[in-house]
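Visitor: Sharing a structure, written as structure tokens. Questions coming.
Each value in this text was obtained by applying a stated rule to the coordinates, not by laboratory testing. What you see is a predicted model, and the numbers here were worked out from it, not measured in a lab. Cβ atoms come from the backbone with ideal geometry, glycine included; neighbour counts cover every protein chain shown.
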Amino acid sequence: MAKVLYVHAKGGPPIGYALPRVAARSEVHLLALSELPADRAAGVRGLCASVVARGAADEGDLVELIASRAREVGADAVVTFSEYAVVAVAEASRRLGLRGAGPAAALARDKRLMRGAWERQGIPQPRFRAVATAEQLAAATQELRCPLLLKAAWSAGSTAHQIIGQPADAPAAWARSYAVMTESARLGYAELHVAGAGEDFIVEEIVSGRAEDWFEGPGWGDYVSVEGVVVEGVFRPVCVSGRMPTVAPFTERAGITPAAVTGEAQARIVELARQAVEALGLENCGTHTEIKLGARGRMWVIETAARFGGAMTVPQIEETFGLDLIALFTDQLLGGSPDWPTRTLTPEDAKGAAGSLVVLAVDGAGEPWRHRHLWDSASVVRSAPVSAGSTLSVVGESSLPDGTPVPVYDPAAGANTMAALCLLHADRPQTVVRDFTALVDALPDILPVHCAEGARA
């Protein structure tokens, strides 16, 4: 039986979902760079032929740690679904002569390299500058048009985002973003391969989206993501996922599969994603490409990644389209020729729709809750005002334990202040948007109050 080294770190689809699908096709050896979720640890260990955790003595060359462990177990492939380990796994696979994202993986991780590659190819994107010091940021505010968005070059989950309304805002924005990246690293939400990655940033002009030009129903955000895969250097789009509007500054609240776009609109979105992915020169990897949708058909690429979408994007695709991306990709890395879709799937191909909602302590308008509340998954599932025929569940692996105070939302920390992740199955995409909109409004009434003082960040 083929052997796979599964490199676990924070981020990506839950290990409780992904690892069993890899184990169904191979003997799995786990290298844990992050602590396993407590409620999944026993089950995960039971599926693995071996489990090794990264220790204090392994703080040196991460690529060599992965490669040496792969040699020890005789791995035929090395896989990770974490944003923070993608580059290290790609380099380790390359050293071992195994299939992987290839030497260009860093271009799909470091936003400075990514944007530079797109700029050379003339791919539409917001104007930007790479910045590594407060002084460079100050200079960039004179070269670009405010308002601007400052973001960490290696971040994920909308962490360390700061809006700069005018040049005078730059020093405070720099200090806050820098502090958030330091805290994210302490929590394990940081690049694992590149030392000092939390000190690299880009600043970009904020482009105006217009969701109503692309979606017929209300409640949609003004950007989408194209989910796909690269097979021996060839991009294969799978489907398009939509979003609800972000929480200020740009924290994702909910993702919906599929997005309610079809025909020429979807074709144009997918073609831009193809250009963005192909400009990076990737070899074998999942892809997740975010595209901003503007007025009169205008689009901008926001970013792409050499891995599948995080949170519940992959389970949503399996639920709606019957595609097990984890299994297909495992087969691909092991040298097989899996049956990837021959065209981009549409809402007409889907069996209903699915969405995942990040629970943040803000209402539908992005305003902080008036009071602190305790997380209670049973109350949410029992009392959620969802449509008849819709099914809501809570992803325990990605949620706080019941009885834990819901964190106060911090705009700079983004998803680091989430309380839980909810998963919804419904009859169509617009129903998911409607149900999530109602749930966001209802959460302060559903969850028990923790204390009476204000909860403003």
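Visitor: Which value, in Å to one decimal place, does the Kirkwood hydrodynamic radius take for region 25-67 when every pair of different Cα atoms is included?
Guide: 11.5
Visitor: A further question on this structure: Between region 119-138 and region 274-345, what is the C-alpha centre distance in whole Å?
Guide: Value for the Cα centre distance between the two parts: 25 Å.
Visitor: Can I ask one more? In whole Å, largest first, what are the principal axis extents of the Cα atoms in region 390-448?
Guide: 32, 24, 23
Visitor: Once you charge only the Cβ atoms, +1 for Lys and Arg and -1 for Asp and Glu, what is the size of the charge dipole of region 3-98 about its Cα centre, to the nearest 20 debye?
Guide: Result for region 3-98 is approximately 320 debye, rounded to the nearest 20.
Visitor: Under the √(5λ) rule applied to the eigenvalues of the Cα gyration tensor, what semi-axes describe the equivalent ellipsoid of region 127-205? Give them in Å, descending.
Guide: 22, 11, 10
Visitor: Given the rule -39500 (n - 2.57) for each run of at least 4 DSSP H residues, summed and divided by the residues of the chain, what is its mean residue ellipticity at 222 nm, to the nearest 500 deg cm²/dmol?
Guide: The helix-only estimate for the chain comes to -9000 deg cm²/dmol at 222 nm.
Visitor: Which is farthest toward the positive dipole end of the chain among Ala420, Leu192, Leu282, measuring Cα position about the Cα centre, with Cβ charges +1 (Lys, Arg) and -1 (Asp, Glu)?
Guide: So the residue furthest toward the plus end is Leu282.
Visitor: Mind putting a number on the dipole of the chain about its Cα centre? Charges go on the C-beta only, +1 for Lys and Arg and -1 for Asp and Glu, and I need it in Debye to the nearest 20.
Guide: Details: 41 positive and 53 negative charges, 73 e Å.
It works out to roughly 360 debye.
Visitor: Round to a whole angstrom and tell me the spacing of the C-alpha centers of region 46-89 and region 167-187.
Guide: A separation of 31 Å, based on Cα centres.
Visitor: Same structure again: What dipole magnitude, in Debye to the nearest 20, does region 95-184 give about its Cα centre under +1 on Lys/Arg Cβ and -1 on Asp/Glu Cβ?
Guide: Working: 12 positive and 6 negative charges, 87 e Å.
Dipole size: approximately 420 debye.
Visitor: Between Glu205 and Ala24, what is the spin-label point distance in nm, taking each point 7 Å from the Cα along the Cα→C-beta axis?
Guide: Once both label points are built, they end up 4.8 nm from each other.
Visitor: Continuing with the same structure: Mind ordering 416-429, 399-412 by average Cβ neighbours within 10 Å, highest first?
Guide: Ranked by mean Cβ neighbours within 10 Å, highest first: 416-429, 399-412.
Visitor: Which of Ala105, Leu325, Ala134 sits farthest toward the positive end of the charge dipole of the chain, with +1 on the Cβ of Lys and Arg and -1 on the Cβ of Asp and Glu?
Guide: Ranked along the dipole, the leading option is Ala105.
Visitor: For region 352-457, what's the radius of gyration and Dmax over Cα atoms, in angstrom?
Guide: 13.2, 42
Visitor: In µm²/s, what is D for region 3-98 at 4 °C and 1.567 mPa s, where D = kT/(6 pi eta Rh) by Stokes-Einstein and Rh is the Kirkwood radius from Cα pairs?
Guide: Value of D from the Cα-based Kirkwood radius: 99 µm²/s.
Visitor: Let me ask something else about it. What's the long-distance tail for region 184-254, i.e. % of Cα pairs beyond 13 Å?
Guide: Here the tail beyond 13 Å accounts for 78 percent of pairs.
Visitor: In Å³ and rounded to a whole number, note down the convex hull volume per residue for the Cα atoms of region 207-342.
Guide: 106
Visitor: Highest mean first, how do 121-128, 316-323 rank when packing is the count of other Cβ atoms within 10 Å averaged over residues? Walk me through the intermediate numbers first.
Guide: Values: 121-128: 16.1, 316-323: 20.5.
In decreasing order of mean packing, 121-128, 316-323 become 316-323, 121-128.
Visitor: Counting pairs of alpha carbon atoms under 8 Å apart in space and at least six apart in sequence, what relative contact order in percent does the chain give?
Guide: Relative contact order comes out at 15 percent.
Visitor: Here is a follow-up. Could you tell me which label, among (1) 43, 28, 18; (2) 38, 28, 19; (3) 30, 27, 24, carries the value of semi-axes √(5λ) of the Cα gyration tensor in Å calculated for this structure?
Guide: Checked against the structure: label (3).
Visitor: Please state the relative contact order of region 207-342 as a whole percent: Cα pairs under 8 Å, 6+ residues apart?
Guide: That works out to 25 percent.
Visitor: Still on this model: Take every Cα-Cα pair in region 160-213 and report what % of them are more than 13 Å apart.
Guide: In whole percent, the long-distance tail amounts to 65.
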